[in-house]
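Working notes for the structure below.
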Amino acid sequence: MGTRNLLFVMVMALAFAGSLFGGLGEEIQIACSISLARMGLLMSLSQVGSFVSFLTLPLLARKLSSYSLLVIGILSSSVTLLGMGLSRTASVFGLFFLLNALGGYLYGTSNIMVLINVDRPRMKTNIPLMHLTYSIASIFSGYYITFLKQNTWYHGYVQMAVIYLVMGTLFILYKPAGIDRWEQRKDQKLSDSFSLLKNKAFMKYLIFLILANAVEYCNAVYPLLAITALHAAGAREVGLAIIIIHFGSTLSRLAAIPMLKKGFSAHRMLVSLCLVSMLGLIGFFLSSNLLWAYVSLALMGLGMGAVNPVSQVLEISSWPSDLLQLANIRSMGSTLGRIGMPLAVGFVISSFSISASFLLLALSMGLAALFLLASKAKPASC
């Protein structure tokens, strides 16, 4: 089995594992005695692990290849997923959630690097295709969540831990040749690992990434909690909500691949996606019944779905000189957004209501679009 195929199978496993916290949020709250407002605090604290990984990754990258970091991230996530499934208190669950983010950061930063190196000629097709694979798998994860909610919720974490262990083992067994030639970073100064932060255009683009990824992070959890709290949704309704939002995301990513190959501007595509996402979030804020909530979820998925793959193509084309630095700073930006936004959402929920939090998310996407326009990032032709 080739490394490229393993990467695509792994991203399917990631989609199922990634749906657990949002889809099983109600069960986790009950089992671990966590309030709705404190769920935001838990989400923010978990990203401390990602921030630690951001600070240490340049040092690790001087000793280890991106492939080694990928394997370490997968195997460590296997352990933390098992710990989350066995947790019955907020503090223990939060600790494993934090450690899971640390391993997830290593995997999330290195998987694109590995994909590029094993199949460089098809880079601009493989990246959107990987995100599309994630979206399709996420649709089926809705059925999985429905099954878990109707049976035993923590079995999902145990099962995903086993799958991650198997995948990590397969990556070790099918290690590709020539890894040592992928990256030559041993003589690079540590300060050079963050040189892009001196670029003003990139910094504006980074703020866009921070805001967009923060909204996407919250979209994976709060809409599912909201339809339970506001519309008395049960297991089937929550499962259907997951399917709808990821169906919209899949359509978005499916459309992105031919558009990029035909030379559509990635910059303009991202601005349009931000506006569609805003429309969906405002619609969810105004929704008075479950039907309109579902329509809004579809728009949210359609808007957010292609943001990451299109932005990755944009940034790789605009700043191609150091891809590992680019991946690390991108992940760092995502982490900062995922720390701050859940705290802000938790404050809005405590002070106003859970529906008001979607207005905050909509405003954040509007601000993200403004910073994207200000960056004026211009990629090479796709």
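Between residues in the stretch 30-56 that are in contact (Cβ under 8 Å) with a residue 12 or more places away in the chain and assigned to a helix (DSSP H, G or I) and residues that are charged (D, E, K, R) and surrounded by fewer than 16 Cβ atoms within 10 Å (Cβ to Cβ), which pairs lie under 9 Å by C-beta distance while being six or more apart or on different chains?
Pairs found: 31/88; 32/88.
Please find, among 363, 367, 324, 314, the residue that is in contact with a helix residue (DSSP H, G or I) (Cβ under 7 Å, 6 or more places away or on another chain) and modelled with pLDDT of 90 or more.
After ruling out the rest, the residue left standing is 367.
Only one residue in 68, 135, 78, 141 is polar (S, T, N, Q) and either closer than 18 Å to residue 49 by Cβ or touching an Asp or Glu at 6+ places or on another chain (Cβ under 7 Å) (or both), so which one is that?
78
Restricting attention to the stretch 56-77, does a residue exist that is within 19 Å of residue 339 (Cα to Cα) and buried (at least 18 other Cβ atoms within 10 Å of the Cβ)?
yes
Which of (1) surrounded by fewer than 24 Cβ atoms within 10 Å (Cβ to Cβ); (2) in contact (Cβ under 8 Å) with a residue 60 or more places away in the chain; (3) within 17 Å of residue 245 (Cβ to Cβ) is the odd one out, the single condition residue 374 does not satisfy?
Here residue 374 meets the rest and fails (3).
Please indicate, with yes or no, whether at least one residue in the stretch 86-93 is over 30 Å from residue 239 (Cβ atoms), without any contact (Cβ under 8 Å) to a residue 60 or more places away in the chain and out of contact with any Gly (no Cβ under 6 Å at 6 or more places or on another chain).
Checked the stretch 86-93: no residue is over 30 Å from residue 239 (Cβ atoms), without any contact (Cβ under 8 Å) to a residue 60 or more places away in the chain and out of contact with any Gly (no Cβ under 6 Å at 6 or more places or on another chain).
Tell me which helices (runs of 4 or more DSSP H) are completely within the stretch 282-382 and hold 3 or more residues being more than 30 Å from residue 201 (Cβ to Cβ) and among the small types (Gly, Ala, Ser), or say none if there are none.
Hits in the stretch 282-382: 290-305, 323-351.
Among the residues of the stretch 51-69, are any at pLDDT 85 or above and hydrophobic (A, V, I, L, M, F, W, C)?
Within the stretch 51-69, one or more residues are at pLDDT 85 or above and hydrophobic (A, V, I, L, M, F, W, C).
Show the residue pairs that are 6+ apart or on different chains and have beta-carbon atoms under 8 Å apart, the first residue being within the stretch 183-204 and modelled with pLDDT under 60, the second being of a type in the set (Asp, Glu).
Every condition considered, the pairs that remain are 192/322.
Out of the residues in the stretch 331-371 that are surrounded by 20 or more Cβ atoms within 10 Å (Cβ to Cβ) and closer than 19 Å to residue 265 by Cα, which is nearest to the chain's Cα centre (by Cα)?
Among those residues, the one meeting the criterion is 368.
The values are calculated or read from the model by the stated rules, or taken from the named source; none is laboratory data. Computed from a prediction, not measured in an experiment: that's the story for all the values here. Reconstructed Cβ throughout: ideal geometry from the backbone, glycine too, with neighbour counts over all protein chains shown.
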